[in-house]
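> Take a look at the following structure, please.
Read-outs throughout are calculated quantities, based only on the coordinates presented, and are distinct from any laboratory measurement. Here the structure is a predicted model, which means the values were calculated and not measured. Note that each Cβ is placed from the backbone with ideal geometry, even for glycine, and that neighbours are counted across all protein chains shown.
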Amino acid sequence: VPTWEDVARTHGRFLYTVAYRLCGNHDDAQDLVQEVLVRVQRGLVTYQPGSLEGWLSRITTNAFLDEVRRRKRRPADLLHDTDAWDRIAPSTVAADEQLAIDQLPAHVQEAVRGLPDDYRAAVVLCDVVGLPYEEIADSLGVPVGTVRSRIHRGRARLRDVLVEPG
Amino acid sequence: MTATDPLDPRVAELLSAYLDGAVTEEEREVAAAWLERSPEARAEYESLASVKAALGGLGEVDPPFGFYDRMLRQGTPTPEVTSAVTRSKRGRRWVLAGGAVIAAAAAFVVVAGPSETVTPPVSQVAAGEVGTVLALQAGGPEARALSQEADAVRWDELPDGRRSTEGGAETWTDLTTEGDEEHVVVYEEGVVVTLAAEDVDAEDLIAAGRQVAEDEAADPGLSDRVEDLAEAIWPG
């Protein structure tokens, strides 16, 4: 089992990247990284030999969603209420649309930050970390079908935000 | 299925999964058939692929300078609270991390009377090696030494550093990182204020000044001077 010092030394940059992509800002990312390292230090997470980065991504996402749930005990923010988003069908593209997507990292990051938390976690684990759907489902504690739906809805939402006027 | 049908959201979701290779063999054939026959499906697929590429191109993010080193030096990732002022000033948990950083970087007592105040080297503040701090050093050789130390730092060589005179106060500022971190050292009439904080505001500084003035009855003008300094840093 890797120690928290091992993680900090050898995978610190990766861990921070996942945390930052999930949180969208440095303050919360630092908090999140510390929480992850505390969980590692206290043996609150079990490690099965395999991808260390996949393992770290799962811990980070769990810690992120725990924090999100904790904050949601305060008055709900409809914009980040996944249930509300689920009731709206994701957009599709017309056949004759040639969409240019704004690839500027700062804009992409800002768009990711605007996603509902559950969608953001799924999209980050898939498209930033590169985990397969099964591992994402395992991380989030939801069926693979839900992961598939969240990734698609997340991407469709990002497309709507990032599309450049033609 | 015809080329003129509006794209069913379920097909769009299938194409998204197809993009990731996360489909069964049967689904793969269905998705491929849609892509072959439907311009809508192709447009949808291409736009989703662009989004995926944009996300994949985000790259890695560097943690703040010294972030892990501080924890490793301290021997624990667990933050400890060392500053009552910091805690009351800002209720969020990450502020407490600042407390831990302070403990690791220097035995730093925040907003105590001048005789009790131990400040971190200004060079550490400038390099972002100390976390959220707010310190006052009023009068005496300590304040002078601190201002000289600030003067010795090459602020202009820092990523976004500058040295200036604002409202009669000498200031050395480093607005670092892509966030709103701010490292400021201010010197005026024997009062040195050292800040390394994301969102320290004038009211906190003034309140801290009042507290120091109350603790140090021998320096009744301190509160006013701190207020002047706050006005110099944050006009209006």
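> Is there a simple number for the mean count of other chain Cβ atoms within 10 Å of the Cβ of residues in A:21-31, and what is it?
5
> Among the GluC sites (Glu not before Pro) in the stretch A:108-166, which ones are in a DSSP loop with at most 14 other Cβ atoms within 10 Å of the Cβ? Mind listing them?
In loop regions of the stretch A:108-166 (DSSP not H, G, I, E or B), there are no sparsely surrounded GluC sites (Glu not before Pro).
> Same structure, new question: Find the eigenvalues of the gyration tensor of the Cα atoms of the stretch A:103-166, then list the square roots of 5 times those eigenvalues as equivalent ellipsoid semi-axes, largest first, in whole angstrom.
Output for the stretch A:103-166: semi-axes of 22, 11, 9 Å.
> Highest mean first, how do A:116-126, B:24-34, A:6-16, A:29-39 rank when packing is the count of other Cβ atoms within 10 Å averaged over residues?
Taking the mean over residues of other Cβ atoms within 10 Å, the ranking is A:116-126, A:29-39, A:6-16, B:24-34.
> In peptide B:10-19, what is the residue-averaged number of other protein chain Cβ atoms found within 10 Å of each Cβ?
Mean shielding count: 5.
> Here is a follow-up. Using the Cα centre of chain A as the reference point, and only Cβ charges (+1 on K/R, -1 on D/E), how large is the resulting charge dipole? Debye, rounded to the nearest 20.
Dipole of chain A, to the nearest 20 debye: 420 debye.
> Follow-up. So how much slack lies between residue A:142 and residue A:45, counting 0.36 nm per residue of separation and subtracting their Cα-Cα distance, in nm?
Taking residue A:142 through residue A:45 to full extension adds about 33.1 nm, to one decimal.
> In addition: For the charge dipole of the stretch B:1-67, defined by +1 on Lys and Arg C-beta atoms and -1 on Asp and Glu C-beta atoms about the Cα centroid, which residue among B:66, B:33, B:49 has the Cα displaced farthest towards the positive pole?
Of B:66, B:33, B:49, it is B:66.
> Taking amide hydrogens as modeled 1.01 Å from N in the peptide plane, which residues meet the under 5 Å criterion relative to residue A:163, leaving out close sequence neighbours?
Under 5 Å from the amide H of residue A:163: A:102.
> If you don't mind, there's one more thing I want to ask. Quick check on chain A: helices-only [θ] at 222 nm, where DSSP H runs of length 4 and up contribute -39,500 (n - 2.57) each and the sum goes over total residues. Nearest 500, please.
One gets -20000 deg cm²/dmol as the mean residue ellipticity at 222 nm.
> Measuring from label point to label point, each 7 Å out along Cα→Cβ, what is the residue A:10 to residue A:94 span in nm?
Distance between the two pseudo-spin positions: 5.4 nm.
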